[in-house]
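Laboratory data are not the source of any read-out in this text; all were calculated from the coordinates shown. Keep in mind that what you see is a predicted model, and the values were worked out from it rather than measured. All Cβ positions, glycine included, derive from the backbone under ideal geometry; neighbour counts span all protein chains shown.
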Amino acid sequence: MEQNRFKKETKTCSASWPRAPQSTLCATDRLELTYDVYTSAERQRRSRTATRLNLVFLHGSGMSKVVWEYYLPRLVAADAEGNYAIDKVLLIDQVNHGDSAVRNRGKLGTNFNWIDGARDVLKIATCELGSIDSHPALNVVIGHSMGGFQALACDVLQPNLFHLLILIEPVVITRKAIGAGRPGLPPDSPQIPENLYNSLRLKTCDHFANESEYVKYMRNGSFFTNAHSQILQNIIDFERIKASGDDEDGGPVRTKMEQAQNLLCYMNMQTFAPFLISNVKFVRKRTIHIVGARSNWCPPQNQLFLQKTLQNYHLDVIPGGSHLVNVEAPDLVIERINHHIHEFVLTSPLQSSHIPQLTLEERAVMFDRAFDSFKNEALVKMTKQKL
């Protein structure tokens, strides 16, 4: 993002509490979150006719806030007509991902609950977007995979914060293990198909003998093999942690995210997914569902459920896209995001913003007018008056 147009701050805050059982090693442990805030340097000089936008990006499992950095300048420069302008952008690392994982090292337990992650997002977004000096704006949440799940969960938990939901390959319903299993195992118990677990282990290595082995694996053996070259390089540079004092290629390297925490993102899903599945029907916001045409990460029931259940659902298919379409075909996804934001802005005017300095009496008159208008809409005349 152009440095003269946006100021970047990296911030840290406490994660939401209380959390799901076993989310920390000890009950007294408290987790932290690291996130980036991009604030427009031009926000005070904006045209009154331009709608202000705030964007919140939520990454998928095994990723981090850095996967969205490629998107930012291409979103900022999208509206040449001046219909809208971006005020703030939030990029958030979940508690066991990226820079948050580094801060929480040694505290994380075996239960990474995606609903807790949504609560973390709401805590940050409420603080950053709801400050007293904030201008009225349309708030848009954009989430991929796990982040898509959490974007929906955010609207369930706080239905008045976000105005538009953009879900990229959201994971809500997954394939369940088919096999002997454990007798009497409740359906909401942690479970993962053994073949999926073994495949994930191969894709989520976290320790390497040296820099060369690390780069080779990230380019050829990780989930990001087919990622856009710039996004892949951003991931390689961001995830790398070297042992102190080692030279450029001589010492061991590890990733910020631990493999076990990566695997737990998938192993725990059956424990919290029923909550969202039961509550998606209450999401009324315009919801854009971006899918890759050749993606098979989720069963067909995932898309069918969202299409049937969401009240304001819009499907957008990316030709040739996989589940990782956000990092493999970012320009196509950015084009669609810009289109949907532009369309939404033109059809969704903001509530009138700042009330001028009014006396208490003037505010009372203003309320009375609003009440009369509301009453006229709500009042139902009865054919027979009851005593």
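Some observations on this one:
- Prolate/oblate/rounded call for segment 240-314, Cα gyration tensor, a/c under 1.5 rounded: prolate
- Counting only DSSP beta bridges whose two residues both lie in segment 209-346, roughly 35 percent are antiparallel.
- Judged by the gyration tensor of its Cα atoms, with axes a ≥ b ≥ c, segment 274-387 is oblate; a/c meets the 1.5 cut and b/c is at least as large as a/b.
- Chain lengthening between residue 212 and residue 296 when straightened (0.36 nm per residue, less Cα-Cα): 27.0 nm
- Mean-square fluctuations from a GNM of the chain, with a 10 angstrom spring cutoff on Cα atoms, peak among 55, 315, 90 at 315.
- Restraint check, 8/256; 7/281; 88/216; 176/216, Cα-Cα greater than 31 Å: 7/281; 88/216; 176/216
- Segment residue 240-residue 275, extension gain: residue separation times 0.36 nm, minus the distance between their alpha carbons: 9.1 nm
- Segment 121-170 shape via C-alpha gyration tensor axes, a/c threshold 1.5: prolate
- Centre separation in Å (Cα based) which lies between segment 260-288 and segment 86-162: 14 Å
- Were the residues from residue 369 through residue 347 laid out at 0.36 nm apart, the gain over their Cα-Cα distance would be 5.3 nm.
- Fraction of antiparallel bridges per DSSP, the chain only, in percent to nearest 5: 40 percent
- Separation of the residue 338 and residue 194 label points, Cα + 7 Å toward Cβ, nm: 5.0 nm
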